[in-house]
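What follows draws every value from the coordinates through simple rules; no lab data is involved. Treat the numbers as computed from the prediction; the structure is a model and nothing was measured. Reconstructed Cβ throughout: ideal geometry from the backbone, glycine too, with neighbour counts over all protein chains shown.
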Amino acid sequence: MAIAATELGIGACHIWGAVRTLNELPELKAELNIPKGMVPCCAIALGHTDEKYYLREVEEGKIVTNFIE
């Protein structure tokens, strides 16, 4: 969703505090109609921005992936 927003020139911001709060307050999850057994893992805010996005180089190996077999 964040990548699609960026492509449309829409600002995107991950809201990690919202995820923590949702997982700590089951009554809030119920109020938002999040089904029982579902665990929120991310939250994002989208909106208009004046910020410009630029293509940037990301060094190889900066984000490590571990495969578990």
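Quick notes
- Ordering of 40-50, 59-69 by packing [mean C-beta count within 10 Å, highest first]: 40-50, 59-69
- Near-label residues of segment 53-69 by backbone N, under 17 Å of a point 7 Å along Cα→Cβ of CYS41: 64-69
- Across all directions, the shadow cast by the convex hull of segment 2-48 built on its C-alpha atoms averages 3.7 square nanometres.
- Size of charge dipole - segment 6-69 - debye, nearest 20, with Cβ of Lys, Arg +1 and Asp, Glu -1, no other charges: 200 debye
- Per-residue 3J(HN,Hα) values for segment 43-55, derived from phi via the Karplus relation 6.51 cos²θ - 1.76 cosθ + 1.60 with θ = phi - 60°, read 9, 9, 9, 10, x, 5, 9, 8, 5, 9, 9, 10, 5 Hz in sequence order (x marks Gly and Pro).
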